[in-house]
Amino acid sequence: MEHVNANVGLDKIPFSPSYSGVISLADGRLMWMWGAGGVTGPATAMYSEDEGQTWGEPTPVKLTTGEPLKYVYETSLFRLPSGAIGLIMTHEQYRRPAYGVQAFCRSDDEGQTWSPPKQIDPENASSYQNDSVTVLRDGRIILAVYTSVRPKPIDPDVTSVTRLGEQFHSAEGGTLSFSYTYYSDDEGKTWQRSRNQTLVMRDKGTLGFFSMGEPTVIELNDGRLMMYGRVNLGRIYESYSDDRGETWTEAIPTNLAAYPCPRNLKRIPKTGDLLLIWNQLSRWEAMH
């Protein structure tokens, strides 16, 4: 594998360029964008003229008003049917514990400026994985999200567990996560929520319910949508939609061993094959 130098200019970035997204621009450059989390710093972009081998200096992302785009966490960049660029992000100006607000922006000048953020999630209760927005062949935008239920009032140590005399924290501790989608048929002007959600129900729930979070969705050749999600059972789990993301089937295990962490599912443009990047971990590997 050829070494990719992504360090150019990174010493000037005050925050880690993670939870980010990349898109190809009309002039052939790549734009890489990420946020600064819950702080007030602006979102940042860098550009590459050699297909990602090297990157230019980091620059702040601006709105059409001239103001910087702030309070950005996870980012997903994608091309709209009209040719404009869409941006979905977790907007953290009004961040609550564990979640932000999913918001949409668009750029009609190849990422130079962006429209002010518009909230997607009216329930103000969801989270999502960066770089996981899908635009269907018919132009529908699919945003896969997840949320959790937990005891109320919330125990300050609800995510804490003790193992071998040491205390550890897990985002899934004391919670049950489930995945669903938002979709837009008018390039992000309005959004609808799927009519149901999915999680893991072993033997229809008689053997327990298990969280499914950080979903990512891809459109299959037969028109169905396939969702992959993070589950703490040693496998990637999958769910399907036959109605363009409006309803989802019960999640079932794939044959892919996986550590409970995010994954990225894309389609290779030249071949049409699916590409999955994930952390493989079997039970045997975990023991070692």
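A few remarks follow.
- Protection proxy ranking of 217-227, 21-31, 135-145, 267-277 - average other beta-carbon atoms within 10 Å, highest first: 135-145, 217-227, 21-31, 267-277
- The Cβ shell under 15 Å around ASP131 holds other residues with a net charge of +3, Lys and Arg each +1, Asp and Glu each -1.
- Computed over the alpha-carbon atoms, segment 144-261 gives an Rg to Rh ratio of 1.03, Rh here being the Kirkwood radius from the mean inverse distance.
- Estimated at 0.36 nm per residue, the fully extended path between GLN192 and GLU166 surpasses their Cα-Cα distance by 5.0 nm.
- A Förster distance of 22 Å, applied to the separation of the beta-carbon atoms of ASP185 and LEU274, puts the FRET efficiency at 0.35.
- Computed lengthening from MET201 to ARG79, 0.36 nm per intervening residue step minus Cα-Cα distance: 40.4 nm
- Summarising the overall dimensions of segment 51-92 from its C-alpha atoms, the Rg and Dmax are 12.6, 33 angstrom.
- Modelled label reach - LEU281, point 7 Å along Cα→Cβ, segment 230-263 residues with backbone N closer than 12 Å: 231-235, 258-262
- Along principal axes, Cα extents of segment 105-166, largest first, whole Å: 55, 26, 25
- Short-range pairs are left out: with C-alpha atoms under 8 Å and at least six residues apart, the relative contact order of segment 132-225 is 31 percent.
- Sequence of CYS105, CYS261 when ordered by accessible area, the most exposed leading, probe 1.4 angstrom: CYS261, CYS105
The values are calculated or read from the model by the stated rules, or taken from the named source; none is laboratory data. What you see is a predicted model, and the numbers here were worked out from it, not measured in a lab. Note: ideal-geometry Cβ built from the backbone for every residue, glycine included; neighbour counts use all protein chains shown. Areas reflect the complete protein model, heavy atoms only, side chains present, ligands, DNA and RNA absent. Shrake-Rupley method; radii C 1.70, N 1.55, O 1.52, S 1.80 Å.
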